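Taking it in order: structure first as structure tokens, then the write-up.
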Amino acid sequence: MSIGSNSPEDERPFPDVSEENRPSVGRALKQARIAAGLTVDDISGSTRVRIAIVHAIEADDFAPCGGDVYARGHIRTLAKAVGLDPEPLLAQFAADHGGGRPAPTPAAPLFEAERIRPERRGPNWTAAMVAAIVVVIGFVGFTAFKGGGDDAKQSVAEGPAPSTSKPVSPTPKESKPDKTPGPSDSAIAAAPQDKVTVQVSAVNGRSWISAKDHNGRMLFDGLLKKGESKTFQDNSKINLILGDAGAIQLYVNGKKIEDQFRPGAVERLTYTKGDPEVG
């Protein structure tokens, strides 16, 4: 007796054409990272997303992110770091995870504690001092009113005795503001010839940047917001990684770098005392 519906050929899974044509969120991020010539350590260093979480996301395991809200934030950050548009990936993530509604995360007690903490107030010493002064004045006035007789009349005729006590709270003299000017970006124009000086300005948007000196010591590693600038100086060499080079304007040893970087492109640059020429 043969059962046609249970034949081995019918039990073989059909190929998922849509899955083949559209890579998963993690696979798309991994392919873009490899195409950009970046390692997981590079991505973790420039975005401050832990290495274990980067590996998990590239394997489409979003549980270590701590919830959909954090997962979407990590996807957006990693996509920008590898030069991808994050919006299609976020839409795909939302479709794959039930609309992208955030699940409760263990971080909620921490945020609740942060909201409660400012409500803990100490004693209001100012109010206590004002109340004490009012009580003293009331007591003195009551005693003077109750005194009567010649002593009272004499005190009225002679008037109040001059007070010899010093003011409780003398008005402090206004301190003159420090007019010493801080270092300005114009100092770039007078960059010393025996050093390499690099100014990084986010003129077209924000970008993650990483800067190291010639010994590999980290000078800066973080997000440079639009309109912000950072200046780095070393005796011989500055190494840069720009997460979105198209948003950055560079001045090296007082001269503007005219290279036209593509928006979203990750650039690795090295500058020395003899530049502006990319090392």
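The values are calculated or read from the model by the stated rules, or taken from the named source; none is laboratory data. Source: prediction; values computed, not measured. All Cβ positions, glycine included, derive from the backbone under ideal geometry; neighbour counts span all protein chains shown. What goes into the accessible areas is simple: the full protein's heavy atoms, side chains included, and nothing from ligands, DNA or RNA. Shrake-Rupley method; radii C 1.70, N 1.55, O 1.52, S 1.80 Å.
Working only within segment 46-67, note down all residues that are part of a helix (DSSP H, G or I) and open to solvent by 30 Å² or more (accessible area, probe 1.4 Å). Across segment 46-67, the qualifying residues are I51, A52, H55, A63, P64. Taken over segment 182-205, residues that are open to solvent by 20 Å² or more (accessible area, probe 1.4 Å), at pLDDT 55 or above and in a loop (DSSP other than H, G, I, E, B) amount to 7. The set of residues in segment 30-45 being crowded, with 18+ Cβ neighbours inside 10 Å and either farther than 17 Å from E267 by Cβ or among the hydroxyl-bearing types (S, T, Y) (or both) consists of K30, S44. Considering only residues in segment 230-279 that are modelled with pLDDT of 85 or more, β-branched (V, I, T) and assigned to a loop (DSSP other than H, G, I, E, B), the one that is most open to solvent (accessible area, probe 1.4 Å) turns out to be V266.
Quick check on segment 216-229: of everything there that is in a strand (DSSP E or B) and either in contact with a Gly (Cβ under 9 Å, 6 or more places away or on another chain) or at pLDDT below 90 (or both), which residue is surrounded by the fewest Cβ atoms within 10 Å (Cβ to Cβ)? Among those that are in a strand (DSSP E or B) and either in contact with a Gly (Cβ under 9 Å, 6 or more places away or on another chain) or at pLDDT below 90 (or both), it is M218.
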